[in-house]
Amino acid sequence: MRRRTPPPPSPLPQLHGVDPVRVRLPAAGGWATVRGHLVERLAAGEAVIDGMLDAGRIVDADGRPVARDTAYVPGMYVWFHRELADEERVPFPIEVVHRDEHVVIADKPHFLATTPRGSHVAETALARLRRDLGVPALSPAHRLDRLTAGLVLFTVRPEERGAYQSLFRDRQVTKEYEAVAPYDPGLDLPRTVCSRIVKERGVLAAQEVAGEPNAVSRVELVEHRDGRARYRLLPRTGQTHQLRVHMNALGVPILGDPLYPVVTGPVAPGDFRRPLQLLARTLEFTDPITGRRHRFVSSRVLRSWSSYDDWAAG
């Protein structure tokens with residue numbers, strides 16, 4: 001099998017911890033100029049593209065500005081920095097639990113996205129850590145939902161990222177989550193939940209559908225009081241929203257969940273009240289580079305358990 005040629009290195013530096021956008025021109029197409037393709041491909045609009053071209057903000061592999069009349073060359077790469085909108089700062093710190101020459105283990109707060117996506121770009125765990133630690137090559141080996149707090153593994157060296165990603169792909173990482181949800185005395189726990197979960201692009205909530213299971217979670221009851229319970233969740237697979245979907249399917253949706261069982265209206269920017277009560281509590285694995293056995297534990301506390309009235313009041 002023929003290997004793909006890797007793209008050339010970016011001629012642009014990171015901006016506020018965010019990588020520039022890279023666009024590869026398709027091998028087939030009827031565009032006469034690079035501009036023509038970008039106008040058709042990007043949602044920014046013709047006026048914005050022209051403004052970026054005129055300002056020299058779109059460059060080729062040598063860092064030379066692309067002009068409006070630059071001829072279209074199939075396979076050519078161009079780079080640019082996206083416009084960074086004013087983002088609402090997530091007013092909670094991201095803690096570094098462990099750092100060595102290979103990995104950074106971060107304890108992410110609720111509401112902070114792991115990586116740039118959609119309207120969350122500079123205000124993400126990845127961009128913050130790159131800026132704070134001065135490690136521009138930092139990359140995530142896996143991801144947590146924006147609303148979920150807890151431990152995330154980042155790699156320091158690009159050439160080692162694949163080895164750490166393989167740990168998650170091959171289920172060589174033991175992950176333990178903690179959740180607070182309603183207590184149901186009739187729910188028989190512990191139990192293992194298996195189902196098929198599908199998340200369609202553009203649809204907020206994932207769905208359980210008929211078919212071969214692709215999502216497996218063990219659910220254990222830790223303790224309960226005042227109609228609420230603290231649960232230990234052990235995912236064996238990593239489908240989008242898996243734990244949230246499975247807890248909802250058991251009739252005990254996680255407190256603060258805006259999608260399950262019902263998709264609520266959008267939350268206003270800056271509203272950080274009542275975070276989803278789901279926490280990635282532990283990560284345990286054997287380091288594929290050093291051979292050391294690691295076990296990391298989040299120090300975060302789910303407020304609906306420690307102080308329900310404060311959490312409910314926002």
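What to note about this one:
- Calculated from backbone phi, Karplus (6.51, -1.76, 1.60) coupling profile of the range 269-275 in Hz, x at Gly/Pro: x, x, 8, 10, 7, 6, x
- Inter-site label distance for HIS224 and ALA268 at 7 Å from Cα along Cβ, in nm: 3.7 nm
- Here's how it looks for THR237: its modeled amide H is under 5 Å from those of VAL216, which are all 5 or more places away or on a different chain.
- Across the accessible surface of the chain, with the other protein chains kept in place and a 1.4 Å probe, carbon and sulfur atoms take up 49 percent.
- Pairwise label distance in nanometres, LEU189 with GLN172, each label 7 Å out on the Cα-Cβ vector: 3.2 nm
- Using 0.36 nm per residue and subtracting the Cα-Cα separation, the extra length available between ARG22 and ARG117 on full extension is 32.7 nm.
- Protein heavy-atom accessible surface, 1.4 Å probe, per residue over the range 2-62: 63 Å².
- Within the chain, longest stretch free of exposed trypsin sites (Lys or Arg not before Pro) [DSSP loop, at most 13 other beta carbons within 10 Å]: 90-170
- The phi-based Karplus calculation (6.51 cos²θ - 1.76 cosθ + 1.60; θ = phi - 60°) puts the 3J(HN,Hα) values of the range 74-89 at x, x, 5, 10, 9, 10, 6, 8, 5, 5, 8, 6, 5, 9, 5, 6 Hz, whole numbers, x for Gly and Pro.
- Counting only DSSP beta bridges with both residues in the chain, the antiparallel share comes to about 95 percent.
- Alpha-carbon centroid distance for the pair the range 1-46 / the range 211-245, whole angstrom: 40 Å
- The range 62-103 versus the range 285-300: alpha-carbon centroid distance in Å: 29 Å
- Stretch in the chain that is longest and holds no GluC sites (Glu not before Pro) that DSSP places in a loop and that have at most 12 other beta carbons within 10 Å: 201-314
- In a reduced charge model with +1 at each Lys and Arg Cβ and -1 at each Asp and Glu Cβ, the range 1-160 shows a dipole moment near 500 debye about its Cα centre.
- Using a simple spin-label model with pseudo-atoms 7 Å out from Cα toward Cβ, TYR77 and ALA32 lie 2.9 nm apart.
- Given [x] 61, 24, 15; [y] 42, 26, 15; [z] 40, 22, 20, the label whose value is semi-axes √(5λ) of the Cα gyration tensor in Å derived from this model: [z]
- For the range 136-192, the solvent-accessible area with a 1.4 angstrom probe is 47 square angstrom per residue.
The values are calculated or read from the model by the stated rules, or taken from the named source; none is laboratory data. The structure presented is a predicted model; accordingly, all values stated were derived computationally and were not measured. Note that we place each Cβ from the backbone using ideal geometry, even for glycine, and neighbour counts take in every protein chain shown. When the accessible area is computed, the model is the full protein with side chains, heavy atoms only, and any ligands, DNA or RNA have been set aside. Shrake-Rupley method; radii C 1.70, N 1.55, O 1.52, S 1.80 Å.
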